[in-house]
Amino acid sequence: MATTQTLTPVMERQRRANMRRNAFYLVLIVVGLLAPFVAYPVFLMKVLCFALFACAFNLLLGYAGLLSFGHAAFLATGGYVTGYLLSSYPGLTPELGILIGTGAAVVLGVAFGALAIRRQGIYFAMVTLALAQLMFFFYIQAPFTGGEDGLHGVPRGDLFGFISLRSNLAMYYFVFAIFLIGFAIVQRAVHSPFGQVLKAIRENEPRALSLGYNVDAYKLLAFVISAGLAGLAGSTKTIVFQLASLTDAHWHMSGEVILMTLLGGVGTLFGPIVGAGLVVSLQHVLAQSPLGNWVSVILGLIFVICVLSFRSGIVGEINKMYRKNFK
């Protein structure tokens, strides 16, 4: 009886927390559905693609503690494979092109992960960077990528063969649905027993190993899921802009996703989304101003200020304030 009385308040607090979280998710979905009537849909789609990319990277860094400097390879692989297929086979529908592009990123993730997880820390980061640079030079030379010119005029096609995606509004809702699916995968992975093991590995890998967990298998699975979601973001981005270019394969892109994640809050679900939105918005605004040539410098300064002032990122600091003042 005493145990029941002790657990009841805990369960009640958990129930209320779940209700607040579900209400928050519902509000965000409603905002996402109404957003294209307030802002330019193409800009919003770019934010969603990079937000998904950042969420994929955050799953690896924030929850498994693995810093990858080569995630651009998966973004580019998804984009190039999807772009090539849709350009070469007009009868292929966009959802199939995205699935195949994502699958290609998963296969590449298995190959990269099997090599990279053998190392830890900076060595892991350097291995991923080296592998990603190999893919960058491959995409320069490969005949199906268009080299430095890239793939242009990738058709958006008809979703399921009958829903035209030529309209930006229809395309936006398709991208929004893809983002929700990707975010749901990350959210489910983080709050599952698998996610708890990843956190244990991040905090103390030798202890997780001593408890009997196959640490390498968990890290490889996290790497592959992250690679697949990054490929999904790249495939979607290619259809949105009807373009696949070397920009997505360059190491600068790997640096940008690190910036997005750290700026928003590493290890938080919504931090990468906030970080991606902020970085893409700054790039958009600065590119149209006299400071257009200084975008990288300004973003670098913002990153330095963020790291020095609030190391937990924007969402991380907000979470700290909430726990301090309302719990």
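Each Lys and Arg Cβ is given +1 and each Asp and Glu Cβ -1; about its Cα centre, the range 38-249 then shows a dipole of about 400 debye. Between Trp294 and Ile122, with labels modelled 7 Å along Cα→Cβ, what's the label distance in nm to one decimal, could you check? Those two pseudo-labels are separated by 3.2 nm.
Give me, ordered by chain and number, the residues 5 or more places off Leu66 or on other chains with an amide H under 5 Å from its own placed amide H. Those lying under 5 Å, H to H, from Leu66 are Leu61. Report the one residue of His284, Tyr84, Asn18 whose Cα lies farthest in the direction of the positive end of the charge dipole of the chain (charges on C-beta: Lys and Arg +1, Asp and Glu -1; origin at the Cα centre). The residue sitting farthest along the positive end of the dipole is Asn18. Placing R0 at 45 angstrom, the Cβ-Cβ distance between Arg188 and Glu148 gives a FRET efficiency of 0.70 after rounding to 0.05. Note on the range 116-262: semi-axes of the ellipsoid equivalent to its C-alpha gyration tensor, largest first and rounded to whole Å, are 33, 22, 11.
Relative contact order, whole percent, for the chain stands at 30, derived from Cα pairs under 8 Å and 6 or more residues apart. Ala23 sits among other residues whose Cβ lies under 14 Å from its own Cβ, and their net charge, with Lys and Arg +1 and Asp and Glu -1, is +4. Using the charge dipole of the range 38-249 (Lys, Arg: +1 at Cβ; Asp, Glu: -1 at Cβ; taken about the Cα centre), state which of Leu48, Ala170, Thr238 has its Cα farthest towards the positive end. Among Leu48, Ala170, Thr238, the one farthest towards the positive end of the dipole of the range 38-249 is Leu48.
Please compute the alpha carbon radius of gyration of the chain, then divide it by the globular-protein estimate 2.2 N^0.38 Å. Two decimals is fine. Here the answer is 1.03, to two decimals.
Here Lys219 is the anchor, and the lysines within straight C-alpha reach of less than 16 Å, apart from those fewer than 8 places off in the same chain, are Lys199.
The alpha-carbon of Lys46 sits under 24 angstrom from the alpha-carbons of these lysines, leaving out residues fewer than 8 places away in its chain: Lys237.
Each value in this text was obtained by applying a stated rule to the coordinates, not by laboratory testing. Please read all numbers here as calculations on a predicted model, not as lab measurements. No Cβ is skipped: glycine too gets one built from the backbone with ideal geometry, and neighbour counts run over all protein chains shown.
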